[in-house]
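FYI, it's all coordinate maths here, none of it is from the lab. Everything numeric here is computed off the predicted structure, so don't read it as measured data. Cβ placement follows ideal geometry from the backbone for every residue including glycine, while neighbour counts extend to all protein chains displayed.
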Amino acid sequence: MVEITFLGSGGGRFITITQLRSTGGFFIKSSKSIYVDPGPGALVRAWRYKIDPRKIDILFISHRHTDHCNDAEVIVEGMTMGVTKKRGTIIAARSVIEGDEEHTPALSSYHLNSLEEVYTPKPGDKISLGNDTLLITPSLHSDPSNIGFRLKTPEGDISYISDTQYFEELKEWHEGARVMITSITRPKDMRIPYHLCTEDVIYLLKSMKEKPEVVVMTHIGMKMHFASPYKEASFIQNVTGVKTIVAKEGFKIIMRNNDIFFRTLKPARNV
Ligand SMILES: [Zn+2]
């Protein structure tokens, strides 16, 4: 069984600073526990849906933008029992680990040294994670080291198309995945550089011979939020025939015995 729990579906600077949609990323429980893109509020959202950061094995961070990596250090503190135990793995863009011209690294060396393994893989690299294999996929983003993935599990493949503009090879990297988690920042044809809009995703899906069973829309920006991502999702679904769902915090996908189920979790009460 594979479970994917979303801790938000927000993306971009204005959704992030207003928290009109949560920005906690998502969590995959397969043969390993993998936390993906812990934006602002990830730790709080994780506990709200009973995800214990002390049980996370792998932290994956697509790139060094705040909406994807803000909570990286506190998640690592969870993974390492408050930096008392060398434990866990980070798999991240080079900019996250080393910084770039405009950014410091997203984690201090204190936190990085507390982990067992630190990877900065390139597109095409494969990392084995228990019974699963993580294939690193490329992106075209303003952070040039941005990476996505395709996680190959016994229940089928889960793709994550992180922040990217449309490019033709996206199809080859993600064709045949059962679940395609896709950062769709803008509605209709309102594309901005380095991000996908609804029209790009329709084009991508139409070009795929083997289409995903489910597309999950995430990284919803302010324009998308007010254009109604639900309308955009049903448009994608009508035009391509691919089931399209808008992520939100507490949304859960369960892949079991060749079936895919969807749940909406209730948040736990905070004290
Ligand atoms: Zn970005």
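Here are a few things to note about the model shown:
- Selected from 172, 213, 77 as most flexible by GNM, with the chain as the system and alpha-carbon contacts under 10 Å: 172
- Applying a DSSP loop filter and a limit of 14 other Cβ atoms within 10 Å to the trypsin sites (Lys or Arg not before Pro) in region 18-112 leaves 50, 85, 86.
- The antiparallel fraction among DSSP beta bridges confined to region 2-264 stands at about 55%.
- Rounded to the nearest 500, the 222 nm mean residue ellipticity of the chain from helices alone is -6000 deg cm²/dmol, with -39,500 (n - 2.57) taken per DSSP H run of at least 4 residues.
- With the biggest extent put first, the Cα atoms of the chain measure 52, 45, 41 Å across the principal axes.
- Hits among lysines - C-alpha to C-alpha of residue 32 under 25 Å, sequence gap 8 or more where chains match: 50, 55, 85, 86, 122, 126, 152, 248, 252, 266
- For residue 137, the residues 5 or more places off, or on other chains, whose built amide H falls under 5 Å of its own are 124, 148, 149, 150.
- Most fluctuating residue given options 226, 167, 60, as computed from a GNM of the chain linking Cα atoms under 10 Å: 226
- Backbone phi angles across region 176-189, fed through the Karplus curve with coefficients 6.51, -1.76 and 1.60 (θ = phi - 60°), yield HN-Hα couplings of x, 5, 6, 10, 10, 7, 10, 7, 10, 7, 10, x, 6, 10 Hz in residue order; Gly and Pro are listed as x.
- 3J(HN,Hα) couplings calculated from phi for region 28-40 with the Karplus curve 6.51 cos²θ - 1.76 cosθ + 1.60 (θ = phi - 60°) are, in sequence order, 10, 10, 10, 6, 10, 9, 10, 9, 10, 6, x, x, x Hz; Gly and Pro show x.
- Across region 136-142, rounded Karplus estimates of 3J(HN,Hα) from the backbone phi angles (6.51 cos²θ - 1.76 cosθ + 1.60, θ = phi - 60°) give 7, 10, x, 9, 10, 9, 5 Hz, Gly and Pro being marked x.
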